[in-house]
Amino acid sequence: MLQELAGAVITCKKDAVLAAVEKAKGELDPSEIIENGLAAGMNEVGVLFERGKLFLPHVMMAADAMTAGVEALKDLMPEGSASSKMGVIVNGTVEGDVHDIGKSIVSTMLQSAGFEVYDIGRDVPIKNFVEKAKEVNADMIGLSALMTTTLAGQREVIELLKEEGLREKVKVMIGGAPATQAWAEKIGADCYAENASEAVAKAKEILA
């Protein structure tokens, strides 16, 4: 059944996802449907996109289908689970970088896992990350950079958080093709995530 859910997301068809969710409702826990079914499918979509097997419109359709599936489960969520969020995360792609898709998948999956996510888009000026974090009282900032030339933006956000006296309060997770664990350590980020499921696991680990 989980495979059927994941497969429905991979087909990028909203109807297929909603039908699979409807079928799974009576047998599986909503969180399991989301995490091990829908999110697993979305992660596979991300992998296929990176390998050039799927294209941007497919990914957007799959994300849309997954969101509809999560929405269909809202009523079954334990009372209060929606309001007692696991943490508040501001997520975006740093200035100079217009890559959007990986970051969008991460935002969708973090949201599905119960985080309150503010996706502030791509090519985001450094100060906007910090301003948004202040505005929504964020626990974490997610910084995506897909080009070696924009990696420095991740470091600049951390520097600005220090200047504003917020570094202790706001955790920083970095990601993107040229980013590595070594880079995360070098710039003082709290964690590095290679893909969307790892981003969810790390966020839970740090903010739990």
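The values are calculated or read from the model by the stated rules, or taken from the named source; none is laboratory data. Predicted model, so just to flag it, every value in this text is computed and none were measured. A quick note on method: Cβ atoms are made from the backbone with ideal geometry, for glycine too, and the neighbour counts reach across all protein chains shown. The area values use the complete protein model at the heavy-atom level, side chains included, leaving out ligands, DNA and RNA. Shrake-Rupley method; radii C 1.70, N 1.55, O 1.52, S 1.80 Å.
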Just one of the numbered conditions (1) more than 18 Å from the chain's Cα centre (by Cα); (2) within 28 Å of GLY7 (Cα to Cα); (3) among the β-branched types (Val, Ile, Thr) is not true of ILE126; which one? (2)
Residues that are in contact (Cβ under 8 Å) with a residue 40 or more places away in the chain, open to solvent by 40 Å² or more (accessible area, probe 1.4 Å) and not aliphatic (A, V, I, L, M), drawn from the range 12-30: LYS13, LYS14, GLU22, LYS25
Select from the range 156-170 the residues that are open to solvent by 10 Å² or more (accessible area, probe 1.4 Å) and part of a helix (DSSP H, G or I) and list them in ascending order. GLU156, GLU159, LEU160, LYS162, GLU163
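Yes/no matrix, rows are residues, columns are (1) among the small types (Gly, Ala, Ser); (2) surrounded by fewer than 22 Cβ atoms within 10 Å (Cβ to Cβ); (3) touching a residue at least 60 places away in the same chain (Cβ under 8 Å):
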residue: LYS132; (1), (2), (3): no, yes, no
residue: ILE141; (1), (2), (3): no, no, no
residue: GLN154; (1), (2), (3): no, no, yes
residue: VAL172; (1), (2), (3): no, no, no
residue: GLU185; (1), (2), (3): no, yes, no
residue: LYS202; (1), (2), (3): no, yes, no
Run ALA82 past the list (1) open to solvent by 50 Å² or more (accessible area, probe 1.4 Å); (2) of a type in the set (A, V, I, L, M, F, W, C); (3) at pLDDT 90 or above and report the number of the one that doesn't hold. (3)
Based on what the data block shows, is LYS186 assigned to a helix (DSSP H, G or I) and not assigned by the TED database to the domain that holds ASN36? yes
Mind listing whichever residues of the range 1-40 are at pLDDT 90 or above and of a type in the set (D, E, K, R)? GLU4, LYS13, LYS14, ASP15, GLU22, LYS23, LYS25, GLU27
Which listed residue is modelled with pLDDT under 95, crowded, with 20+ Cβ neighbours inside 10 Å and within 23 Å of ARG51 (Cα to Cα), from GLY102, GLY92: GLY102
Among (1) more than 17 Å from the chain's Cα centre (by Cα); (2) farther than 21 Å from LYS202 by Cβ; (3) open to solvent by less than 10 Å² (accessible area, probe 1.4 Å), where does LYS74 come up short? (3)
Examine the range 43-55 for a residue that is within 16 Å of the chain's Cα centre (by Cα) and modelled with pLDDT of 85 or more, and state whether such a residue exists. yes
Which members of the range 187-200 meet the condition of being surrounded by 15 or more Cβ atoms within 10 Å (Cβ to Cβ) and either modelled with pLDDT of 95 or more or aromatic (Phe, Trp, Tyr) (or both)? ILE187, ALA189, ASP190, CYS191, TYR192, ALA193
Confirm whether ASN128 is open to solvent by 60 Å² or more (accessible area, probe 1.4 Å) and either at pLDDT below 95 or polar (S, T, N, Q) (or both). no
